[in-house]
Amino acid sequence: MDDVDLDLRERLPGDLPKLFPDDGAERSLSVALPPGDVVWPDPGYPQRQLVRRPAFWVSDDPVTGELWSRLRAEHPRSGLWPVLLDESDQPWAAGQVAPEPVAEIGNYAPAAFMYEVWSDFAEQAGAEDFEDLAPFGRHCPGPAAPGTPLDDPDAAADRHARALSARGLSLGLVAVERGADALAAIGWQGALNHNEWTAPLAAVVRGWEERFGARVVGLGFNTLELSVAAPPVTTRHAVQVAAEHWAFCPDILFQGPGTLAGYAEEIRGKTWWSFWWD
């Protein structure tokens, strides 16, 4: 009888089962959640394949980094990836989100995405524009080699979550197998002015998870926060990683240091990456 009671007590509470196609079968959660509710996709985006279930769950109030860490540790059992949500520009509870099928992410190759962005820029840019992309210029270098781990990816993610939570961020829970997929599943559109679809960007983040121990920790209206356990530590490596970042988010250069070399110095050895799209 005690085992049955424990099982009932640990099942996904409230409307969380609705986030899963199978209603959360075999999923459980032992961490107590603050008040919150599920958020349904905005039906006003007909160009997206509408998902007939909520996109994510969001807390009513800001949460601590410690809660994020506990939920991150429970992800293998719960299937819910935690994300700290910045509501300073737009309340996530408003539901202005357009989820894309997570299955679409696997159709994109990060290298192909990078080469396509570089090629499109080369067709429109003048000779002086390529000076900012030195030493590569017109020639896309392709994805960088993996980094050498400086920390455990989970420990790095927990540390960054504690830092971000000081901003007073809400908690989001997304039903995905890995953090990168949350970008598509949650219906985030922060890079809409750069790329119409989110799935290719999620594919890039998947690659960073594998090569740099990156983890999705926070999302804003047009921002993305990643922890990084294996960042580039040499100038040469950092410049090639910077090239990937530029293809992923051109604004990091145009609204930042202005050159790949300058940006590379900013991320060399850094255990978190922050992106912002205009």
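Things worth noting here:
- The antiparallel fraction among DSSP beta bridges confined to the chain stands at about 90%.
- Cα point-scatterer Debye curve for the chain, base-10 log of I(q)/I(0) at q = 0.11 Å⁻¹: -0.62
- Entry note, the chain: the mean residue ellipticity at 222 nm calculated from DSSP H runs of n ≥ 4, each adding -39500 (n - 2.57), is -10000 deg cm²/dmol after division by the residues and rounding to the nearest 500.
- Accessible surface, 1.4 Å probe, highest first, among residues 249, 140: 140, 249
- Approximate spin-label separation residue 266-residue 278, in nm, with each point projected 7 Å along Cα-to-Cβ: 1.4
- Karplus-derived 3J(HN,Hα), 6.51/-1.76/1.60, for each residue of the range 189-204, Hz, glycine and proline x: 10, x, 9, 4, 6, 9, 8, 5, 10, 8, 4, x, 5, 5, 5, 5
- Label-to-label distance, residue 192 versus residue 235, with points set 7 angstrom from Cα along the beta-carbon direction: 4.2 nm.
- Close amide H partners of residue 28, meaning residues 5 or more places away or on another chain with modelled amide H under 5 Å apart, are 78.
- Mean projected area of the Cα convex hull of the range 125-278, taken over all directions, amounts to 8.9 nm².
- Modelled label positions at residue 251 and residue 124, each set 7 Å beyond Cα in the direction of Cβ, lie 1.5 nm from each other.
- Note on surface exposure: 192, 67 rank 192, 67 by accessible area, highest first, 1.4 Å probe.
- Once the chain from residue 163 to residue 131 is taken as fully extended at 0.36 nm per residue, the excess over their C-alpha distance is 8.0 nm.
- Stretching the chain fully between residue 25 and residue 93 yields a gain of 21.9 nm (0.36 nm per residue, less the alpha carbon separation).
- Shown for the range 27-122: the carbon plus sulfur share of the solvent-accessible area, taken with all protein chains present and a 1.4 angstrom probe, equals 51%.
- Rg/Rh for the range 123-183 stands at 1.16; both radii use Cα atoms, and Rh follows the Kirkwood definition.
- Cβ-Cβ FRET estimate between residue 64 and residue 138, R0 fixed at 45 Å, reported to 0.05: 0.40
- Counted residue by residue at 0.36 nm each, then reduced by the alpha carbon distance between them, the extension gain from residue 107 to residue 10 reaches 31.4 nm.
- With at most 13 neighbouring Cβ atoms within 10 Å, loop trypsin sites (Lys or Arg not before Pro) (DSSP) excluded, longest segment of the chain: 168-278
- Per-residue 3J(HN,Hα) values for the range 230-242, derived from phi via the Karplus relation 6.51 cos²θ - 1.76 cosθ + 1.60 with θ = phi - 60°, read 9, x, x, 10, 10, 4, 4, 5, 4, 5, 6, 5, 4 Hz in sequence order (x marks Gly and Pro).
The values are calculated or read from the model by the stated rules, or taken from the named source; none is laboratory data. Values in this document were obtained by computation on a predicted structure and should not be read as measured data. Ideal geometry is used to build each Cβ from the backbone, glycine not excepted, and the neighbour counts take in all protein chains shown. Calculation scope for accessible area: heavy atoms of the full protein, side chains included, ligands and nucleic acids excluded. Shrake-Rupley method; radii C 1.70, N 1.55, O 1.52, S 1.80 Å.
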